[in-house]
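K.L.:
Sharing a structure with you now.
The values are calculated or read from the model by the stated rules, or taken from the named source; none is laboratory data. Computed from a predicted structure; not experimentally measured. Cβ coordinates were reconstructed from backbone atoms using ideal geometry, including for glycine residues, and neighbour counts include every protein chain displayed. When the accessible area is computed, the model is the full protein with side chains, heavy atoms only, and any ligands, DNA or RNA have been set aside. Shrake-Rupley method; radii C 1.70, N 1.55, O 1.52, S 1.80 Å.
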Amino acid sequence: MTTPMTAPLTTVILFVKAQARQASRLAQFASVDTHTASPSVVPPTYGMGPSLDANAARKAASSTQMVFPSVQTGRSWAAVPVPPMTSVMNAPVAENRLMALNNALSQRRSRTHTPFIAEAWQTALSESGLIRRYPTLPSSILNGFDAGIRPITSTYAPLNSPSISILTNIFEDIVQIEFAKGRYIGPFSRQEVEAAIGPFQTSPLSLVEKPGKPNQFRLIQNLSFPHTPRPPIYSINHNIDSNLYPCTWGTFTTICLLVWRLPPGSQGACRDVAEAFRTIPLAPSQWPGTVVHLSDDDQFTINTSNSFGLCSAGGIYGVIGDAAVDLLRSHGIGPISKWVDDHFFIRILRKYLPVYNAHRRVQAKRIISLGGRHHDRGRYWYGGDLLPDNRTEEFDKDMSFPIVDLSHSSERSPDDHRFTYSFTDINQFTDKLGLPWESSKDVPFSSVTPFTGLNWDLDNKTVSLQKKKQEKYLAAILLWQSQRSHKLDEVQKLYRKLLHACLVLPRGRAHLMSLEAMLGIFHDAPEKPRTPPASVAADLLWWYRILSQPTISRPIPGPCELLDIHAFSDASSSVGIGIVIGERWRAWRLVPGWKSTGRDIGWAKAIGFEFLIKTILRLSTQPDNFKVYGDNNGIVQGWWKGRSRNPETNLVFRHIHDAIDGTGSSFHTRYVPTKHNPADGPSRGVFPSERLLLPPIDLPTELKNLVVDFNHPPLAIELHLRREGLLPTPLPKVHDPPLARQSAAINHELERRGNELFRESSSWLDY
């Protein structure tokens, strides 16, 4: 339900009607760059004091006849009708106009323009005990938020991007809405704005098409312009540290763990907050940095609300978003997760409530014992135990509030009555706060819920890429292929799309390295088109083929029991490759000259990893989650990410992904010190009994000139090196019992925690 803005002020819309005139094209490049000393301005007042007389302000704006210029299309942006005007602006006229501006600004300083009800937030936060976490939130709603914009000492007003003049009608419509909703005050000349708020800085405007919504545009202020600072001119974002505006959000890992642990029959719903960023009022001290340049006719307006493009914008809204979901949790509604203004509401069947809350109490204690809330750059998160692949559990809540049965709090359908809460329970609480849901985007409760571009199947515990996303990403690839060169922002956009798809296609990470390499070739010329590396075309062909499949999905990853078959791999640059599974082993020799064209010891160890996995797949009779060990951190950690920055090693990872694909098995790497890696000996030519040999595997064609079996007859190059005394000989292995015991203890603890997590997450199988 959308809540109307509190205390609407008619005088804040001072956009008076202009005389009709011939439309003309806006100039693409121009600027106003002056250095003006800050005038003596009465400090802004805060609080709930009495507002100025609205009628007086309106009269000041309209009682004197004058020409008030409009954007150069001739279209009217009238909010207050006025009598016919003359083209002469005398001193009394200017004084009246300035008085009108000051009156409007004074009223806005005394009462912010927002749907949020400060008194209701104060009460709710106090009653729930959350005021300790959000002590300044009510006053920020009342007086405006500090976005980190520093004082401006000289006016700088570059013109807008060409999209504004090309899409003039759309721009005018958007601006009309901003005036009608009271978020813009004006328009006024530069001199008038300076007299009212001091020197100011505008940022070029552009119109960007909304994702997945053809012909619908979002107005963006490029608050990072100019990209190259030229003292004393810096972009608005230049001096803002977004890390100082942290908030929580549901990462892919967070949502996976949440869904994995849900009891049977749970349902999810999705809701968006209407115009989320624009609901946030900015403090008067921030206004000089958000002034909007409407046209090149010396026409400006003061934007008093949070803006897209401000690097602190997400964090500023995030405070409201975090507090809102925490308050809902304090009333027993949940589980809830969010991504900016998109909210994922999950409800469980009432019969599972006692056991589910018991699990949450265990998790809450664990979160507290491990340090509670963590601050990582711009994100708040709560850490739990270690997962089987050495990652830490991540939560976007502390589990301090139990889920409550609200099924009797209001009338509801028989189906809703089976669950702990419904939309009605959400609305009854958020309406009091003034939180405006975009009801047209509500996705009702169901077993399959769209969230962050993915479809989450709560019953089958799978996640899939939404069909509209597949089509959008395919179209982006075709557009890319139609052009020979690309700017930095084009590379970034395509990369982000495909990186999102990797959440469902982890093996896709190994097919993004060419785009990642291209991101690094622009240096300080982001607008200069560059020709992609040759490898990009091959990667995009792979992506196009994969994204053309009817459905792209995967099981939701979560804690799982790992099968430890004591599988190890290793490589020695002087001899070869070795693998060990239990007591059995196999080895290969590296052909002299293998180390070239980017191939190094990391590549050789990756080949050992590939041979180990292919051997396990040959021996296994059913899919499983295997634990495998190696002594190279680049390979162990690279496999967690699914790719390597070394192109040759990355090709090996691709071959491994292809070998695993469709088998149902997964492999989790663990680190083992070299001295305690059983595969170290075979990799250096120290071979155990041949009666313990593992079966051979077919060597890939691309490796047949680089690797041979350990018992393959000597090659000509090897015979030559032996005659010259240059063929490497293996060194004896050093044994260090204390280090071996330490490594065993670490792995034992990791295994214990992984199995404990598996038991917790599997408890619903009993129902």
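K.L.:
Looking at P559, is it out of contact with any Asp or Glu (no Cβ under 7 Å at 6 or more places or on another chain), more than 25 Å from K493 (Cβ to Cβ) and modelled with pLDDT under 95?
P.N.:
Against the criterion (out of contact with any Asp or Glu (no Cβ under 7 Å at 6 or more places or on another chain), more than 25 Å from K493 (Cβ to Cβ) and modelled with pLDDT under 95), P559 qualifies.
K.L.:
If you don't mind, another one. List pairs: first in the stretch 588-609 and under 15 Å from N705 (Cα atoms), second open to solvent by 40 Å² or more (accessible area, probe 1.4 Å) and β-branched (V, I, T), Cβ under 6 Å, 6+ apart or cross-chain?
P.N.:
Every condition considered, the pairs that remain are P592/I717.
K.L.:
Could you check how many residues of the stretch 310-360 are aromatic (F, W, Y) and within 18 Å of T424 (Cβ to Cβ)?
P.N.:
1
K.L.:
To continue, here is another question. Quick one: what pairs do we get from the stretch 499-515, first residue on the phi < 0 side of the Ramachandran plot, second among the aromatic types (F, W, Y) and open to solvent by 20 Å² or more (accessible area, probe 1.4 Å), C-beta under 8 Å, 6+ apart or different chains?
P.N.:
L503/F252; H511/W542; L512/Y495; L515/Y495
K.L.:
(1) open to solvent by less than 30 Å² (accessible area, probe 1.4 Å); (2) β-branched (V, I, T); (3) under 19 Å from L454 (Cβ atoms); (4) out of contact with any His (no Cβ under 9 Å at 6 or more places or on another chain): which one isn't true of V491, the others all being true?
P.N.:
(3)
K.L.:
Take the residues of the stretch 210-227 that are among the charged types (D, E, K, R) and loosely packed, with under 13 Cβ neighbours inside 10 Å: which is nearest to F308 (Cα to Cα)?
P.N.:
Filtering first and then ranking leaves K210.
K.L.:
Of the residues G642, G662, G638, only one is at positive phi and open to solvent by less than 50 Å² (accessible area, probe 1.4 Å); which?
P.N.:
Checking each option against the conditions leaves just G642.
K.L.:
For the stretch 198-212, what are the residues that are outside any loop (DSSP other than H, G, I, E, B) and at pLDDT 95 or above?
P.N.:
Once the filter is applied, which keeps residues that are outside any loop (DSSP other than H, G, I, E, B) and at pLDDT 95 or above, the stretch 198-212 yields Q201, T202.
K.L.:
Next question, about the same structure. Anything in the stretch 531-545 that is without any contact (Cβ under 8 Å) to a residue 60 or more places away in the chain and surrounded by fewer than 18 Cβ atoms within 10 Å (Cβ to Cβ)? List them, or say none.
P.N.:
Scanning the stretch 531-545 gives T531, P533, A534, A537, A538, L541, W542, R545.
K.L.:
Quick one: count up the residues across the stretch 129-171 that are open to solvent by 40 Å² or more (accessible area, probe 1.4 Å) and out of contact with any Asp or Glu (no Cβ under 9 Å at 6 or more places or on another chain).
P.N.:
Residues in the stretch 129-171 being open to solvent by 40 Å² or more (accessible area, probe 1.4 Å) and out of contact with any Asp or Glu (no Cβ under 9 Å at 6 or more places or on another chain): 14 in total.
K.L.:
Of (1) in contact (Cβ under 8 Å) with a residue 40 or more places away in the chain; (2) surrounded by 17 or more Cβ atoms within 10 Å (Cβ to Cβ); (3) part of a helix (DSSP H, G or I), H668 satisfies all except one. Which?
P.N.:
Condition (3) is where H668 drops out.
K.L.:
Another one. Could you list, in sequence order, all residues of the stretch 273-312 that are closer than 20 Å to P138 by Cβ, polar (S, T, N, Q) and in a strand (DSSP E or B)?
P.N.:
Correct list: S305 only.
For (1) among the β-branched types (V, I, T); (2) surrounded by fewer than 24 Cβ atoms within 10 Å (Cβ to Cβ); (3) in contact with a helix residue (DSSP H, G or I) (Cβ under 8 Å, 6 or more places away or on another chain), each residue gets a yes or a no:
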site	(1), (2), (3)
T279	yes, no, yes
W287	no, no, yes
F308	no, yes, yes
C311	no, yes, yes
V319	yes, yes, yes
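K.L.:
Taking the stretch 442-454 as the region of interest, how many residues are farther than 14 Å from F345 by Cα and open to solvent by 20 Å² or more (accessible area, probe 1.4 Å)?
P.N.:
The total comes to 0.
K.L.:
I'm trying to understand the selection: among the residues of the stretch 624-635, which are within 10 Å of R670 (Cα to Cα) and surrounded by fewer than 20 Cβ atoms within 10 Å (Cβ to Cβ)?
P.N.:
Of everything in the stretch 624-635, just one residue is within 10 Å of R670 (Cα to Cα) and surrounded by fewer than 20 Cβ atoms within 10 Å (Cβ to Cβ), namely N633.
K.L.:
Report yes if some residue within the stretch 726-738 is modelled with pLDDT of 55 or more, exposed (fewer than 10 other Cβ atoms within 10 Å of the Cβ) and polar (S, T, N, Q); otherwise report no.
P.N.:
yes
K.L.:
Of all residues in the stretch 243-262, count the ones that are of a type in the set (S, T, N, Q) and either crowded, with 20+ Cβ neighbours inside 10 Å or farther than 30 Å from I346 by Cα (or both).
P.N.:
2
K.L.:
Can you say whether G265 is at pLDDT 95 or above and small (G, A, S), as far as the supplied structure shows?
P.N.:
It is true that G265 is at pLDDT 95 or above and small (G, A, S).
K.L.:
Another question, then. Among the residues of the stretch 224-265, write down those that are of a type in the set (A, V, I, L, M, F, W, C), under 21 Å from P151 (Cβ atoms) and touching a strand residue (DSSP E or B) at 6+ places or on another chain (Cβ under 9 Å).
P.N.:
Selection gives F225, I233, I236.
K.L.:
Something else: Could you list all residues from the stretch 571-580 that are in contact (Cβ under 8 Å) with a residue 40 or more places away in the chain and open to solvent by 20 Å² or more (accessible area, probe 1.4 Å)?
P.N.:
S574, V575
K.L.:
I'd like the full set of residues that are over 30 Å from P506 (Cβ atoms) and either free of Cβ contacts under 8 Å to residues at least 40 places away in the same chain or part of a strand (DSSP E or B) (or both), limited to the stretch 223-272.
P.N.:
Hits for the stretch 223-272 are P229, R230, P231, I233, Y234, S235, H238.
K.L.:
Testing A525 on (1) open to solvent by 40 Å² or more (accessible area, probe 1.4 Å); (2) not in a helix (DSSP H, G or I), one condition comes back false. Which one is that?
P.N.:
Of everything listed in (1) open to solvent by 40 Å² or more (accessible area, probe 1.4 Å); (2) not in a helix (DSSP H, G or I), A525 misses just condition (1).
K.L.:
Does V686 fit the bill of being modelled with pLDDT of 95 or more and either within 36 Å of the chain's Cα centre (by Cα) or not in a strand (DSSP E or B) (or both)?
P.N.:
no
K.L.:
Within the stretch 502-522, how many residues turn out to be surrounded by 20 or more Cβ atoms within 10 Å (Cβ to Cβ) and of a type in the set (V, I, T)?
P.N.:
So the answer is 1.
K.L.:
State all residues of the stretch 176-188 that are buried (at least 20 other Cβ atoms within 10 Å of the Cβ) and part of a loop (DSSP other than H, G, I, E, B); if no residue qualifies, say none.
P.N.:
Hits for the stretch 176-188 are G182, R183.
K.L.:
Are there strands (runs of 3 or more DSSP E) fully within the stretch 342-399 with at least 1 residues that are within 24 Å of G268 (Cα to Cα)? List them.
P.N.:
Once the strands (runs of 3 or more DSSP E) in the stretch 342-399 are filtered for at least 1 residues that are within 24 Å of G268 (Cα to Cα), what remains is 342-347, 379-386, 392-395.
K.L.:
In addition: Hey, among the residues in the stretch 358-406 that are touching a residue at least 24 places away in the same chain (Cβ under 8 Å) and of a type in the set (S, T, N, Q), which one's most open to solvent (accessible area, probe 1.4 Å)?
P.N.:
S400
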